[in-house]
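The values are calculated or read from the model by the stated rules, or taken from the named source; none is laboratory data. All values reported here derive from a predicted model rather than from experimental measurement. Glycine also receives a Cβ, built like all others from the backbone with ideal geometry; neighbour counts cover every protein chain displayed. Areas reflect the complete protein model, heavy atoms only, side chains present, ligands, DNA and RNA absent. Shrake-Rupley method; radii C 1.70, N 1.55, O 1.52, S 1.80 Å.
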Amino acid sequence: MQFRDLKAQYTQYKSVIDDAIHNVLNTGQYIGGKPVNELEKDLAEYVGVKHCITCANGTDALSLVLMAWDVKEGDAVFVPDFTFFSTGEVVSFNGATPVFVDVDEKTFNIDPEKLTQSIEKVNKEGKLNPKVVIPVDLFGLPANYNEIEKIAKSYNLLVLEDGAQGFGGNINGEMACSFGNAATTSFFPAKPLGCYGDGGAVFTDSDETAEMLRSYKTHGKGENKYDNVRIGINSRLDTIQAAILQVKLHAFKEHELDGVNRAYQLYSERLQNIVETPFIPEGYYSSFAQYTIKLVSKKQRNALQDKLKENNIPSMIYYTKPMHRQQAFSDLPFDERDFPVTNKLCDTVLSLPMHPYLKEGEITRVCDVIQDFMSD
Ligand SMILES: *Cc1c(COP(=O)(O)O)cnc(C)c1O
């Protein structure tokens, strides 16, 4: 059994994907071109925003938005404490200061109440200028944008949705990557919509932000690539990856998103009275980048992981370390009392095999082992 079986998908779509790759090879255009332009149009339409700007990866996507918004030294950017490193990294990379905020114990996403407290604290200290909040759609579940957007409005903050894990989710039909002032996603192979290498995209309704993004991703271009009006970066989605993503977006819409939600149903039916299963609030739909359960202690969690391993079942711990304790951020002062939820989650979460091609029999086998373990 695999944690995320990427080859099963390729096997199913082999002839279409091989054709798509060969078409690119035969045109001789390996950067930009029709596949990239068409994909951007298709992605924008699927998400329901005006602009989609593709780039080299999900980290660049976040960084490009911060550049476009002129986020810099002296600015505070609020980031969940429980996320992948990138979300905070891009803030420091652009010279601003990440302010880590604890998360909700049920959804694992940024806690709106604690966000307010955090903004108040930064305002009171008067050293940094609160500028942006980056909610993360962790494990596929959209963050609480209803509350976050209200808070952002009252404190005049911009909202950047980190939808690297959230593509395909929605809140009452409003798609992930359409929330806030801009949103990003990643096409890293293991993400909900992955390519066969690296890739990323930014989504926004703002013409002005879109124009800045297109400039920053192309060496700060002005009228063209050789007219450079600002210092930018070079960040492109390869044409071959765009062609692959066109096929994969089709599969994603047709059945893959349904597939992971079916796996979620099967898992949760079996596990809900045994361990703490993922919580999906009313009206929310997750793209299940991960299926993550909670155990009662670190000891129990680690023992279960060992037991699964003995049975040749892979599992992962996302994440073992809170952001505030990463060595790279050791120059930022923190108070452990601000992060009780994240600290506990890092000790008790466990992600189980999850992908659209997971078989019912495999899910049963995982659940049998967990049930056995819990009744010992
Ligand atoms: C994967 C991920 C990213 C970064 O995406 P890359 O394409 O790997 O650069 C950013 N944020 C979150 C929450 C992620 O999971």
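Key figures
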quantity: Cβ-Cβ under 6 Å pairs, at least 6 apart or on other chains, segment 319-343 side more than 11 Å from Phe100 (Cβ to Cβ), far side among the acidic types (Asp, Glu) and open to solvent by 30 Å² or more (accessible area, probe 1.4 Å); calculated: Val341/Glu105
quantity: Among residues of segment 171-216, those that are among the acidic types (Asp, Glu) and part of a loop (DSSP other than H, G, I, E, B), counted; calculated: 2
quantity: Top-ranked residue of segment 187-203 - restricted to ones that are among the hydrophobic types (A, V, I, L, M, F, W, C) and either open to solvent by less than 10 Å² (accessible area, probe 1.4 Å) or outside the structural domain of Asp18 (by TED's automatic domain parsing) (or both), ranked as nearest to the ligand (Cβ to nearest atom); calculated: Phe187
quantity: When residues of segment 145-186 are limited to those that are of a type in the set (S, T, N, Q) and within 16 Å of the ligand (Cβ to nearest atom), the one nearest to Val260 (Cα to Cα); calculated: Gln165
quantity: Number of the condition not met by Glu223 [criteria: (1) more than 15 Å from the ligand (Cβ to nearest atom); (2) among the charged types (D, E, K, R); (3) surrounded by 23 or more Cβ atoms within 10 Å (Cβ to Cβ)]; calculated: (3)
quantity: Qualifying position, being under 27 Å from Phe85 (Cα atoms) and either surrounded by fewer than 13 Cβ atoms within 10 Å (Cβ to Cβ) or under 19 Å from the mean Cα position of the chain (by Cα) (or both), among Glu310, Glu336, Glu360, Glu282; calculated: Glu336
quantity: Cβ pairs under 8 Å, 6+ apart, first in segment 131-152 and over 17 Å from Thr83 (Cα atoms), second open to solvent by 10 Å² or more (accessible area, probe 1.4 Å) and near the ligand (Cβ under 10 Å from one of its atoms); calculated: none
quantity: Wholly enclosed helices (runs of 4 or more DSSP H) of segment 1-107 bearing at least 3 residues surrounded by fewer than 18 Cβ atoms within 10 Å (Cβ to Cβ); calculated: 6-27, 34-47
quantity: Failed condition for Ile293, given (1) over 19 Å from Gly166 (Cβ atoms); (2) outside the structural domain of Cys52 (by TED's automatic domain parsing); (3) open to solvent by 10 Å² or more (accessible area, probe 1.4 Å); (4) under 20 Å from the mean Cα position of the chain (by Cα); calculated: (3)
quantity: Lone unmet requirement of (1) in contact (Cβ under 8 Å) with a residue 40 or more places away in the chain; (2) surrounded by fewer than 23 Cβ atoms within 10 Å (Cβ to Cβ) for Pro112; calculated: (1)
quantity: Per-region count, segment 363-376, residues out of contact with any strand residue (DSSP E or B) (no Cβ under 7 Å at 6 or more places or on another chain) and open to solvent by less than 10 Å² (accessible area, probe 1.4 Å); calculated: 3
quantity: Members of segment 158-170 found to be open to solvent by less than 10 Å² (accessible area, probe 1.4 Å) and in a loop (DSSP other than H, G, I, E, B), listed by number; calculated: Gly163, Gly166, Phe167, Gly168, Gly169
quantity: Which numbered condition Gly232 fails, given (1) in a loop (DSSP other than H, G, I, E, B); (2) under 20 Å from the mean Cα position of the chain (by Cα); calculated: (2)
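Let's see how each residue does on (1) modelled with pLDDT under 95; (2) in contact with a Gly (Cβ under 8 Å, 6 or more places away or on another chain); (3) closer than 29 Å to Ala20 by Cβ; (4) aromatic (Phe, Trp, Tyr):
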| site | (1), (2), (3), (4) |
| --- | --- |
| Phe139 | no, no, no, yes |
| Leu160 | no, yes, no, no |
| Thr185 | no, yes, yes, no |
| Leu193 | no, yes, yes, no |
| Asp198 | no, no, yes, no |
| Ala210 | no, no, yes, no |
| His219 | no, yes, yes, no |
| Asn228 | no, yes, no, no |
